[in-house]
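Below: one structure, written as C-alpha coordinates.
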Amino acid sequence: MKKLFMAVVAAFISLASFAQSGSWSVGLNFGYGTDISKPFLGGRVMYGINDAFDVAGSFNYYFKDKYDFGYGDDFTMKWWDINADVHWNVFRGEKYKLYPLAGLTYLQAKASYEGTSSSDGRFGVNLGIGGSYDFTENFAVGVELKAQIIDGTQFVPMASFMYKF
(Lines give C-alpha, C1' and ligand atoms only; values in the text may rest on other atoms or scores of the structure.)
Protein backbone atom coordinates (compact mmCIF):
# COMPACT_ATOMS: atom_id res chain seq x y z
CA MET A 1 0.00 0.00 0.00
CA LYS A 2 2.84 2.38 0.79
CA LYS A 3 4.32 1.71 -2.65
CA LEU A 4 1.00 2.59 -4.31
CA PHE A 5 0.72 5.82 -2.33
CA MET A 6 4.28 6.80 -3.23
CA ALA A 7 3.63 6.03 -6.93
CA VAL A 8 0.54 8.28 -6.94
CA VAL A 9 2.44 11.09 -5.21
CA ALA A 10 5.35 10.74 -7.67
CA ALA A 11 2.95 10.88 -10.63
CA PHE A 12 1.39 14.12 -9.39
CA ILE A 13 4.77 15.70 -8.69
CA SER A 14 5.95 14.72 -12.19
CA LEU A 15 2.89 16.23 -13.84
CA ALA A 16 3.24 19.41 -11.83
CA SER A 17 6.93 19.83 -12.59
CA PHE A 18 6.41 19.62 -16.37
CA ALA A 19 3.52 22.08 -16.48
CA GLN A 20 4.46 25.63 -17.47
CA SER A 21 1.72 27.34 -15.54
CA GLY A 22 -1.01 25.93 -13.40
CA SER A 23 -3.12 26.27 -10.33
CA TRP A 24 -3.52 24.14 -7.24
CA SER A 25 -6.64 23.50 -5.20
CA VAL A 26 -7.45 21.35 -2.18
CA GLY A 27 -10.77 20.40 -0.72
CA LEU A 28 -13.24 18.02 0.86
CA ASN A 29 -15.32 15.33 -0.85
CA PHE A 30 -18.74 14.09 0.18
CA GLY A 31 -20.28 11.20 -1.71
CA TYR A 32 -21.87 7.78 -1.83
CA GLY A 33 -20.75 4.39 -3.15
CA THR A 34 -23.71 2.40 -4.48
CA ASP A 35 -22.04 -1.04 -4.37
CA ILE A 36 -20.79 -0.49 -0.81
CA SER A 37 -24.08 1.27 0.06
CA LYS A 38 -22.32 3.79 2.28
CA PRO A 39 -21.57 7.52 2.23
CA PHE A 40 -17.97 8.73 2.34
CA LEU A 41 -15.90 11.73 3.39
CA GLY A 42 -12.57 12.47 1.77
CA GLY A 43 -9.89 14.86 0.70
CA ARG A 44 -8.91 16.04 -2.75
CA VAL A 45 -5.95 17.73 -4.44
CA MET A 46 -6.30 19.11 -7.95
CA TYR A 47 -3.76 20.62 -10.31
CA GLY A 48 -4.83 22.62 -13.36
CA ILE A 49 -2.24 21.83 -16.02
CA ASN A 50 -3.77 24.37 -18.40
CA ASP A 51 -7.28 25.58 -19.29
CA ALA A 52 -8.14 22.29 -21.00
CA PHE A 53 -6.82 19.68 -18.53
CA ASP A 54 -6.78 19.08 -14.77
CA VAL A 55 -5.44 16.15 -12.76
CA ALA A 56 -7.16 15.27 -9.49
CA GLY A 57 -6.19 12.91 -6.71
CA SER A 58 -8.48 11.94 -3.86
CA PHE A 59 -8.67 9.74 -0.78
CA ASN A 60 -12.14 8.76 0.44
CA TYR A 61 -13.07 6.96 3.66
CA TYR A 62 -16.47 5.24 3.68
CA PHE A 63 -18.45 5.17 6.91
CA LYS A 64 -18.02 1.74 8.49
CA ASP A 65 -20.63 -0.94 8.98
CA LYS A 66 -20.91 -2.51 12.41
CA TYR A 67 -23.06 -5.55 13.01
CA ASP A 68 -23.97 -6.97 16.42
CA PHE A 69 -24.93 -10.65 16.36
CA GLY A 70 -26.19 -10.49 19.96
CA TYR A 71 -23.32 -12.38 21.56
CA GLY A 72 -21.19 -9.38 22.47
CA ASP A 73 -18.94 -9.62 19.41
CA ASP A 74 -19.18 -7.15 16.56
CA PHE A 75 -18.50 -7.72 12.89
CA THR A 76 -17.05 -4.56 11.31
CA MET A 77 -16.53 -3.62 7.66
CA LYS A 78 -14.37 -0.66 6.57
CA TRP A 79 -13.61 0.69 3.08
CA TRP A 80 -11.44 3.42 1.57
CA ASP A 81 -10.30 4.33 -1.92
CA ILE A 82 -7.60 6.33 -3.68
CA ASN A 83 -8.32 7.90 -7.07
CA ALA A 84 -6.20 9.62 -9.73
CA ASP A 85 -8.30 11.20 -12.51
CA VAL A 86 -7.73 13.40 -15.54
CA HIS A 87 -10.40 15.99 -16.43
CA TRP A 88 -10.75 17.24 -19.99
CA ASN A 89 -12.48 20.62 -19.60
CA VAL A 90 -14.47 20.47 -22.83
CA PHE A 91 -16.90 23.23 -21.89
CA ARG A 92 -15.43 26.06 -19.86
CA GLY A 93 -16.27 29.61 -19.12
CA GLU A 94 -14.94 32.26 -16.81
CA LYS A 95 -16.48 30.62 -13.71
CA TYR A 96 -17.38 27.06 -14.75
CA LYS A 97 -15.96 23.86 -16.25
CA LEU A 98 -17.75 20.77 -17.56
CA TYR A 99 -15.65 17.69 -18.26
CA PRO A 100 -15.49 13.98 -18.95
CA LEU A 101 -13.05 12.19 -16.65
CA ALA A 102 -10.99 9.03 -16.75
CA GLY A 103 -8.60 7.62 -14.20
CA LEU A 104 -7.44 4.86 -11.91
CA THR A 105 -8.78 3.77 -8.54
CA TYR A 106 -7.71 1.47 -5.72
CA LEU A 107 -10.42 0.23 -3.33
CA GLN A 108 -9.49 -1.40 -0.01
CA ALA A 109 -11.91 -3.38 2.20
CA LYS A 110 -11.26 -4.69 5.71
CA ALA A 111 -13.45 -7.07 7.73
CA SER A 112 -12.91 -7.53 11.50
CA TYR A 113 -14.52 -10.08 13.83
CA GLU A 114 -13.54 -11.33 17.29
CA GLY A 115 -10.07 -9.76 17.22
CA THR A 116 -9.17 -11.10 13.77
CA SER A 117 -9.26 -9.18 10.54
CA SER A 118 -8.88 -9.72 6.83
CA SER A 119 -8.41 -7.16 4.07
CA ASP A 120 -8.48 -7.11 0.30
CA GLY A 121 -7.68 -4.42 -2.23
CA ARG A 122 -8.48 -4.09 -5.93
CA PHE A 123 -7.41 -1.77 -8.74
CA GLY A 124 -9.91 -0.40 -11.20
CA VAL A 125 -10.82 2.31 -13.67
CA ASN A 126 -12.84 5.51 -13.19
CA LEU A 127 -15.05 6.85 -16.00
CA GLY A 128 -17.52 9.69 -15.63
CA ILE A 129 -18.51 13.32 -16.01
CA GLY A 130 -18.23 16.34 -13.76
CA GLY A 131 -18.33 20.05 -13.41
CA SER A 132 -17.18 22.85 -11.17
CA TYR A 133 -18.26 26.40 -10.44
CA ASP A 134 -16.04 29.15 -8.97
CA PHE A 135 -17.99 31.12 -6.38
CA THR A 136 -15.05 33.43 -5.76
CA GLU A 137 -11.43 33.62 -6.87
CA ASN A 138 -10.49 31.14 -4.14
CA PHE A 139 -13.58 28.98 -3.52
CA ALA A 140 -15.23 26.48 -5.87
CA VAL A 141 -17.73 23.65 -5.68
CA GLY A 142 -17.70 20.60 -7.93
CA VAL A 143 -19.96 17.66 -8.71
CA GLU A 144 -18.93 14.37 -10.28
CA LEU A 145 -20.83 11.29 -11.40
CA LYS A 146 -18.47 8.44 -12.07
CA ALA A 147 -18.34 4.69 -12.36
CA GLN A 148 -15.63 2.79 -10.53
CA ILE A 149 -15.11 -0.37 -12.56
CA ILE A 150 -13.65 -3.01 -10.21
CA ASP A 151 -14.95 -6.58 -10.56
CA GLY A 152 -18.25 -4.96 -11.52
CA THR A 153 -19.32 -1.33 -11.47
CA GLN A 154 -20.00 0.99 -8.55
CA PHE A 155 -21.72 4.32 -9.23
CA VAL A 156 -20.13 7.12 -7.19
CA PRO A 157 -21.86 10.53 -7.08
CA MET A 158 -19.71 13.10 -5.26
CA ALA A 159 -19.62 16.78 -4.31
CA SER A 160 -16.37 18.65 -3.62
CA PHE A 161 -15.73 21.95 -1.87
CA MET A 162 -12.39 23.38 -2.97
CA TYR A 163 -9.99 26.13 -1.93
CA LYS A 164 -7.93 27.42 -4.85
CA PHE A 165 -4.40 28.81 -4.52
Single residue of Ser132, Ser160, Ser112, Ser119 found to be of a type in the set (Ser, Thr, Tyr) and either closer than 15 Å to Asn60 by Cα or in contact with a helix residue (DSSP H, G or I) (Cβ under 9 Å, 6 or more places away or on another chain) (or both): Ser160
Near pairs, Cβ below 8 angstrom, 6+ apart or cross-chain, from the stretch 114-138 (more than 24 Å from Met46 (Cβ to Cβ) and touching a residue at least 12 places away in the same chain (Cβ under 8 Å)) to any residue that is among the acidic types (Asp, Glu) and open to solvent by 70 Å² or more (accessible area, probe 1.4 Å): Arg122/Asp151
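The values are calculated or read from the model by the stated rules, or taken from the named source; none is laboratory data. Just so it is clear, the model here is predicted, and its values are computed rather than measured. So basically every Cβ, Gly included, is an ideal-geometry build from the backbone, and we count neighbours across all protein chains shown. Only protein heavy atoms, including side chains, enter the accessible area calculation; ligands, DNA and RNA are left aside. Shrake-Rupley method; radii C 1.70, N 1.55, O 1.52, S 1.80 Å.
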